[in-house]
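Take a look at the structure set out below.
The values are calculated or read from the model by the stated rules, or taken from the named source; none is laboratory data. If you're wondering where the values come from, they're calculated on a predicted model, not measured in any experiment. Every residue, glycine as well, gets a Cβ built from its backbone with ideal geometry; the counts of neighbours run over all protein chains shown.
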Amino acid sequence: MARLRTVLSTVLVTAALSTSGSVALGNAAGDPVSMTSGFYVDPGSNPAVWARTNPSHPDAALIRGRIAEQAGGRWFGNWSGDIKAAVTAYTSAADAADKLPILVAYNIPGRDCGSHSGGGAGSPAAYRTWISAFAAGIGNRPAVVVIEPDALAQLDCVPAAEKKTRTDLLKYAVNELAAKAPNTWAYMDGGNATWIDAAEMARRLKLVEVGKIRGFALNTSNYYKTADSVAKGNAIRGALGSTAQFVVDTSRNGNGSNGEWCNPAGRKLGETSRNGNHLSQTLDLLLWLKVPGDSDGDCGIGAGIPAGTFSPALAKSLITG
């Protein structure tokens, strides 16, 4: 059941998610991990909906157990309708279950450089309105949020005259979440293990005032081994010269990357969402950010399947490798 939220200035993590170990404090006033009893499993995820509507499919039970019943990220963007209402509904459902929801904000103008997941808010003003409502929708409820996958790493594709607009929008997102969602651990996306060197990513993270939130995220929707991401995360952290923590997307990194990023063959599910301190005290959480089975785009073994569309064949391939 939902509980009264008390904003704390100093909190110790007294409970871990799936593994033992404590998490060092960041800049969120409250600690969403100790305020909840595990991660929220999204009943409306694409795999969950598919499994419910295709119960007689030969792979339904396998996909239900290995993917649909695991905690992962809910992505919010221009498809989400009234964003404040959507986020409020999602975080309220998690709160009622005493669980910690994982949210991904994905609506930056010029998203994905116009590639498979292109789109986003129609203007800087529209984005400010959207992300402000997103943060307000969380409010005092506990949450984990990853902010705008690829937006900083893809800064090089943004026209020179618009680069500052991009970083200003991300800085605005940071400040809105810091101000309006005090019991949220928010992480700015910081690319992956081989994309943008640590010093440059640290410079970009400083531009968006990452020090005002919990830290940064790595490997979102990618396949690199967790150890590679931990090494990169610690390198970025060192270059930042701060106490920023980080999280790693482990949804599809069970056997690492083969150098391809768009529905590559032979990849496997990684560790399910859990505390990451057993690997590094600087690693807050291992998270399933990308929904396994959702296509990266019309490419690889997902040819003909648009980005974000669920495919039972893609899901099964991640289970079997």
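Some notes on this structure:
- Among the candidates Ala315, Ala265, Ala307, residue that is part of a loop (DSSP other than H, G, I, E, B), out of contact with any Leu (no Cβ under 6 Å at 6 or more places or on another chain) and either among the β-branched types (Val, Ile, Thr) or crowded, with 18+ Cβ neighbours inside 10 Å (or both): Ala307
- Residue under evaluation Gly110, criteria (1) crowded, with 17+ Cβ neighbours inside 10 Å; (2) within 18 Å of Asn175 (Cα to Cα); (3) touching a helix residue (DSSP H, G or I) at 6+ places or on another chain (Cβ under 9 Å), criterion not met: (2)
- Contact map, segment 263-287: first residue in contact (Cβ under 8 Å) with a residue 60 or more places away in the chain and under 8 Å from Thr250 (Cα atoms), second residue among the aliphatic types (A, V, I, L, M) and part of a loop (DSSP other than H, G, I, E, B), Cβ cut-off under 6 Å, separation 6 or more or different chains; pairs are Ser273/Ala71.
- Residues within segment 167-204 that are among the basic types (Lys, Arg) and under 19 Å from Phe76 (Cβ atoms), tallied: 1
- Gly190 being touching a residue at least 40 places away in the same chain (Cβ under 8 Å), closer than 30 Å to Ile319 by Cα and surrounded by 19 or more Cβ atoms within 10 Å (Cβ to Cβ): yes
- Meets criteria (part of a helix (DSSP H, G or I) and either farther than 26 Å from Ser295 by Cα or without any contact (Cβ under 8 Å) to a residue 60 or more places away in the chain (or both)) for Ala151: no
- Taken together, Val104, Val87, Val144 contain a single residue that is outside any helix (DSSP H, G or I), hydrophobic (A, V, I, L, M, F, W, C), touching a Gly at 6+ places or on another chain (Cβ under 8 Å) and at pLDDT 95 or above, which is Val104.
- Test: residue in segment 99-107 that is exposed (fewer than 14 other Cβ atoms within 10 Å of the Cβ) and either hydrophobic (A, V, I, L, M, F, W, C) or under 25 Å from Leu152 (Cβ atoms) (or both): no
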